[in-house]
Amino acid sequence: MPTLIEYEDANDEVRAVYDDIRATRKTDFINNFWKALAVHPPTLKRTWEIVKDVMTRPGALDPLTRELIYIAVSITNGCEYCMASHSAAARAKGMTDEMYAELVAIVGLANMTNRLVEGFGVPVDERFRR
């Protein structure tokens, strides 16, 4: 079991990141991912800054779509923790059970067809290239 750094046991550098996570996400909850990374404060801070930038800044993709993409990649990578945490975030942003089921079906289909393409060495059609 990894060491998990709780807020009350954290140094000032870690507490500053935890405080920013809480403020950005409008919650008092710090999940185990951040607590595990806190054993190395530079990694905690760097990772949070990247996550905050990619997942919360305004952009062409809405917050729910970002979470759905994160879930899809997490399913493909087999990361149970990420599937659970980002499914919870997606549900908070409006994901329904039906949406999740469709997402899983698409991920399964994409993984199957990707393997077929790679196994058969299918060349990319010229009309698909930009």
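Quick notes
- Helix axis angle, 12-25 relative to the chain longest principal axis, alpha carbon, degrees: 50 degrees
- Per-residue extension of 0.36 nm, minus the Cα-Cα distance of GLU126 and ALA105, leaves a gain of 4.7 nm for this segment.
- Scattering from the chain was approximated by placing one identical point on each alpha carbon and applying the Debye formula without solvent; log10 I(q)/I(0) at 0.14 1/Å stands at -0.77.
- Once the Cα atoms are used to define both axes, helix 97-120 deviates from the longest principal axis of the chain by about 60 degrees.
- Calculated accessible area for the chain comes out at 70 Å² per residue, all protein chains present (probe 1.4 Å; ligands, DNA, RNA ignored).
- Backbone geometry of the range 67-76 corresponds, through the Karplus equation with coefficients 6.51, -1.76 and 1.60 at θ = phi - 60°, to 3J(HN,Hα) couplings of 5, 4, 5, 4, 4, 4, 5, 5, 4, 4 Hz, x marking Gly and Pro.
- On Cα atoms only, tilt of 80-92 relative to the major axis of the chain in degrees: 90 degrees
- Lys pairs, the chain - Cα-Cα below 17 angstrom, 8 or more residues apart or on other chains: 5
- Gained length - MET112 relative to THR3, 0.36 nm times residue gap less alpha-carbon distance: 35.5 nm
The values are calculated or read from the model by the stated rules, or taken from the named source; none is laboratory data. Since we're looking at a predicted model, the values are computed, not measured. Just the protein is used for accessible areas: all its heavy atoms, side chains included, with ligands, DNA and RNA removed. Shrake-Rupley method; radii C 1.70, N 1.55, O 1.52, S 1.80 Å.
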